[in-house]
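First the structure, in the form of structure tokens, and then the observations on it.
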Amino acid sequence: MSSLNRRVHRTAASAVALVSCTAFTPTEAAATAGSTLMSAPLAPGLYQSAYSERNDVLWATSSVGQPPAPVTDSRLVRLDPDTLEVEATHPTPLDDGDGTIEAAYGIDVDDEHNTVWVTNTRNDSIAVYSQKTGRHLATVPGVAHAREIVVDEKRDTVWATAFGTGSVVGFNTRTYEETRRVTVEGAGPTGLAVNERTGAVHATDFTHDRIIQITPGSSEPRLLPTGDGPLSIALSANGRTAYTADQGAGGVSVVDLRKGAVVRSITTGEGAKSLAAVRRSARVLVVNRLADCVSVVDTRSGAVKETIGTNALPNHVHMSDASAYVLDKSASGPKGEDHVTRIDVAR
């Protein structure tokens, strides 16, 4: 078990429940206090999702097998974002080095080049696939315990966090060649966000409760404080504020990037793991993995506006223009599948 997994396990075991959510029963469509949601079984071993505006498709990663057991199956799943119906599945290839399955976890899309990028966390690499055909195009090694990946289309760059070496690594999205590597000794980078306007990269350092900020012209990263156990990060629309999902604290930190300070801490629920910013608003959606719910948070007032019950063990949330998509690890489908839940947040 990696040091990240060990710390996650210890945090979960010692945490005190902060929010009790109403049990959620998947239905074709349901309504909460203001938001509407739809849930459907998708595949076992779900991890993350990403929306392609170019193709109007939601992509998800699936890898079956918990460490130390080997991965027995991994694939990319293509689905209709409106109906949540699966349109295609694409198995990942074998690792040429050891014959194991390239297990896909983190994901983002590059609509400019019509590709999907994933992190092969257990294979210490990242990989590229065609959005059009699902064909595997390349595997790029040298990203130890690659966790999260994000595409900066404006600069033809994809960034990945390498938890195993304390690095944030950039690659050219056309040639797949490494273009920059920033390593912070002893760090444990996990979540990742890019300011599309400036190109500044922000990674959560789960090990030291901080943000690693990398700007295009800087020679050294800037280190900013955040809450306990930050796993995921999102930016405000103007890029001046960062939001982190703090697993240890069970909530969200609001970080003023100019001041380099936490200006607000908001409790959401046990095991806050993933979050996404609602565009053109001050709200974020926070996945509380151990509380089985999603919190809709107004970051200006610090109030939780809505708590939405989900299937067990929600793992990741991704926001498109109109909807949020939550993947869980409930294994509660008729064939043991995990679910995808679409949340149309009340305006």
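The values are calculated or read from the model by the stated rules, or taken from the named source; none is laboratory data. As the structure is a computational prediction, the values presented were derived from the model and not from experiment. Because the Cβ atoms are built from the backbone with ideal geometry, glycine has one as well, and the counts that use them run over all protein chains shown. Accessible surface is based on the protein model in full, side chains and every heavy atom, while ligands, DNA and RNA are left aside. Shrake-Rupley method; radii C 1.70, N 1.55, O 1.52, S 1.80 Å.
Put simply, of Gly248, Gly239, Gly227 the only residue that is in contact with a strand residue (DSSP E or B) (Cβ under 7 Å, 6 or more places away or on another chain) and at pLDDT 95 or above is Gly227.
Starting from the stretch 175-201, keep only residues that are touching a residue at least 24 places away in the same chain (Cβ under 8 Å) and over 19 Å from His145 (Cα atoms), then list their pairs with residues that are among the basic types (Lys, Arg) and exposed (fewer than 13 other Cβ atoms within 10 Å of the Cβ) whose Cβ atoms are within a distance under 8 Å, requiring at least 6 positions of separation or different chains. The qualifying pairs are Glu196/Lys154; Gly199/Lys154. Filter the stretch 221-234 down to the residues that are open to solvent by 30 Å² or more (accessible area, probe 1.4 Å) and of a type outside the set (Lys, Arg), then identify the one that is farthest from Pro314 (Cα to Cα). Taking the candidates together, the pick is Pro221. Residue check: His316 meets all listed conditions (1) within 17 Å of Arg280 (Cβ to Cβ); (2) in contact (Cβ under 8 Å) with a residue 40 or more places away in the chain; (3) not charged (D, E, K, R) but one, namely (1). Of all the criteria given as (1) surrounded by fewer than 23 Cβ atoms within 10 Å (Cβ to Cβ); (2) touching a His at 6+ places or on another chain (Cβ under 6 Å); (3) closer than 20 Å to Glu196 by Cβ, the one not satisfied by Asp111 is (2).
Among the residues of the stretch 158-197, those that are in contact with a Phe, Trp or Tyr (Cβ under 7 Å, 6 or more places away or on another chain) and either modelled with pLDDT under 95 or not hydrophobic (A, V, I, L, M, F, W, C) (or both) comprise Gly170, Glu177, Glu178, Thr179, Gly188, Pro189, Thr190.
Each row is one residue, and each column tells you yes or no for (1) open to solvent by less than 40 Å² (accessible area, probe 1.4 Å); (2) more than 20 Å from the chain's Cα centre (by Cα); (3) closer than 24 Å to Ser295 by Cα.
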residue	(1), (2), (3)
Thr36	no, yes, yes
Ser52	yes, no, no
Ser62	yes, no, no
Val86	no, yes, no
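Counting only residues that are under 17 Å from the mean Cα position of the chain (by Cα), under 24 Å from Gly65 (Cα atoms) and open to solvent by less than 40 Å² (accessible area, probe 1.4 Å), the stretch 278-292 holds 2 of them.
Against the definition (more than 16 Å from the chain's Cα centre (by Cα), among the small types (Gly, Ala, Ser) and assigned to a loop (DSSP other than H, G, I, E, B)), how does Ala127 come out, yes or no? No: the conditions fail for Ala127.
Scanning the stretch 267-282 for residues that are in a strand (DSSP E or B) and either touching a Ser or Thr at 6+ places or on another chain (Cβ under 7 Å) or without any contact (Cβ under 8 Å) to a residue 24 or more places away in the chain (or both) returns Lys273, Ser274, Leu275, Ala277.
Say whether the condition of being in a loop (DSSP other than H, G, I, E, B), in contact (Cβ under 8 Å) with a residue 24 or more places away in the chain and surrounded by 18 or more Cβ atoms within 10 Å (Cβ to Cβ) is met by at least one residue in the stretch 147-162. No, the stretch 147-162 contains no residue that is in a loop (DSSP other than H, G, I, E, B), in contact (Cβ under 8 Å) with a residue 24 or more places away in the chain and surrounded by 18 or more Cβ atoms within 10 Å (Cβ to Cβ). Taken together, the residues in the stretch 235-253 that are open to solvent by 10 Å² or more (accessible area, probe 1.4 Å) and not in a loop (DSSP other than H, G, I, E, B) amount to 3.
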